[in-house]
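Nothing in this text is a laboratory measurement; each read-out follows from the coordinates by a stated rule. It should be emphasised that the depicted structure is a prediction, and the values quoted were computed from it without experimental measurement. Ideal geometry is used to build each Cβ from the backbone, glycine not excepted, and the neighbour counts take in all protein chains shown.
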Amino acid sequence: MQSSMLHSLIIAYKLHEHMSIIPPEIASIEDLKEFHSSDYYLHLCASAALSDRVLLTHVLPIASDCPIFPNLANYVRLVAGGTISAAKLLTEGGYDVAIHWDGGRHHGKRDSACGFCYINDIVLGILELHKKYERILYLDLDIHHGDGVEQAFQTTSKVLTVSFHKYEPGFFPGTGSIDDVGYGKGLNHSLNIPLRPGFSGVGLRYLFSRVIDSAMENYNPDAIVIQCGADGLANDPLVGRGGWNLDERSIGECVAKTLSFNKPTLVLGGGGYGNPNAARCWAWCTAVIVQQEELISEDIPDHPFLNKYGPDFRLPVDLTFYKDRNDTRYVDDVIKKV
Ligand code: MN
């Protein structure tokens with residue numbers, strides 16, 4: 001539902017006329033094994049096959065927040081394949097920017113599914129980029145900590161991971177303290193930016209810009225991956241009260257700022273549980289990437305999913321009145337430490 005709404009909105013705004021749309025390859029089992037353990041996919045298929053006949057919520061290694069659904073085995077290969085194909089457009093396709101809005105599954109682990117992420121397409125995409133680019137900067141805007149990607153690269157200096165996330169006792173996945181900075185050769189190559197409820201677009205723009213400027217200057221990556229999880233948008237139904245208060249413009253500005261460094265850039269989606277708002281955000285980001293912001297009318301054009309955008313049928317995401325608990329002093333302290 002999320003992706004058909006998004007793709008339909010992108011077409012309604014005629015943004016597809018300003019980019020190449022390239023069907024992804026389906027990832028092979030060998031592709032998945034570049035990161036995932038050799039038994040993992042087999043377990044996944046076995047669980048999916050069993051669930052057709054027996055009602056099972058827990059079959060190794062599926063977490064309770066990763067229910068089995070029909071066609072799961074093909075779904076993971078498509079998600080992974082989309083991101084790997086997008087990465088290949090940067091390594092061998094001659095493109096500067098590649099987008100895969102259905103990718104960005106940052107919680108997937110080497111041998112387990114976690115947090116709605118059955119496969120870690122981001123890690124697979126970064127490994128593909130490594131075939132051509134030595135140093136990769138990974139930026140994660142999702143409200144949840146990008147734990148799977150951090151864990152995969154925490155002992156190497158070839159990937160600098162930077163995760164902006166809400167960090168509070170009890171908030172999923174619970175990791176991402178500012179003191180976690182990587183190990184061994186990866187020491188100081190995992191950056192965590194823990195934030196409090198109510199984080200606003202003003203705060204994000206300021207913080208993102210300071211952090212990326214410093215990362216570009218000190219790390220000088222050869223390519224960039226940005227995960228644009230949209231669950232930090234105001235009123236995300238899964239995160240609920242205590243969430244963030246972002247709008248599509250502030251996330252779009254982070255994307256624009258990232259592209260301003262003219263490095264090969266892979267743009268991915270991620271969380272975002274209010275389908276209309278996630279579609280609003282990623283359609284706007286698409287316009288930013290193809291530099292066609294003028295095509296975006298504030299009134300959403302007529303298209304098959306128009307009725308989902310009520311009651312106002314407008315593009316801008318409605319903000320909440322929650323107080324931003326990240327005051328300037330807190331944000332400046334975080335910047336200093338990071
Ligand atoms: Mn998330």
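In this structure, the amide hydrogen of V159, modeled 1.01 Å from its nitrogen in the peptide plane, lies closer than 5 angstrom to those of I136, counting only residues at least 5 positions away or on a different chain. Think of each Lys and Arg Cβ as +1 and each Asp and Glu Cβ as -1; about the Cα centre, that makes the dipole of the range 67-207 roughly 160 debye.
Mind checking which of C281, C66, C228 has the largest fluctuation in a GNM of the chain, springs on alpha carbons under 10 Å? Looking only at C281, C66, C228, the biggest GNM fluctuation is shown by C66. By the gyration tensor of its Cα atoms, with a ≥ b ≥ c the square roots of the eigenvalues, what is the shape of the chain: rounded for a/c under 1.5, prolate for a/b over b/c, or oblate? It comes out rounded by the Cα gyration axes. Judged by the mean number of other Cβ atoms found within 10 Å, the most tightly packed of the peptides 134-142, 188-196, 7-15, 92-100 leads the ranking 134-142, 188-196, 7-15, 92-100. When the charge dipole of the chain is built from unit charges on Cβ atoms (+1 for Lys and Arg, -1 for Asp and Glu) and taken about the Cα centre, the candidate among S3, F199, F305 whose Cα reaches farthest toward its positive end is F199. Rounded to the nearest 20 debye, the dipole magnitude of the chain is 460 debye, with +1 charges on Lys and Arg beta carbons, -1 on Asp and Glu beta carbons, and the Cα centre as origin.
DSSP beta bridges fully contained in the chain are about 5 percent antiparallel. Residue-wise HN-Hα couplings along the range 265-275, as the Karplus relation 6.51 cos²θ - 1.76 cosθ + 1.60 with θ = phi - 60° gives them from phi, are 10, 9, 10, 10, x, x, x, x, 9, x, 4 Hz; Gly and Pro carry x. Shown in residue order for the range 192-202 are the 3J(HN,Hα) couplings computed by the Karplus curve 6.51 cos²θ - 1.76 cosθ + 1.60 at θ = phi - 60°: 10, 10, x, 10, 9, x, x, 3, 10, x, 4 Hz (x for Gly and Pro). Here the ratio of the Cα radius of gyration of the range 224-338 to 2.2 N^0.38 Å is 1.15. Measuring between alpha carbons in the structure, the pairs from K132/K263; K132/K158; K88/K132; K33/K185; K88/K263 lying more than 18 angstrom apart are K33/K185.
Note on the chain: GNM, Cα springs under 10 Å; of A279, A230, A49, the largest mean-square fluctuation is that of A49.
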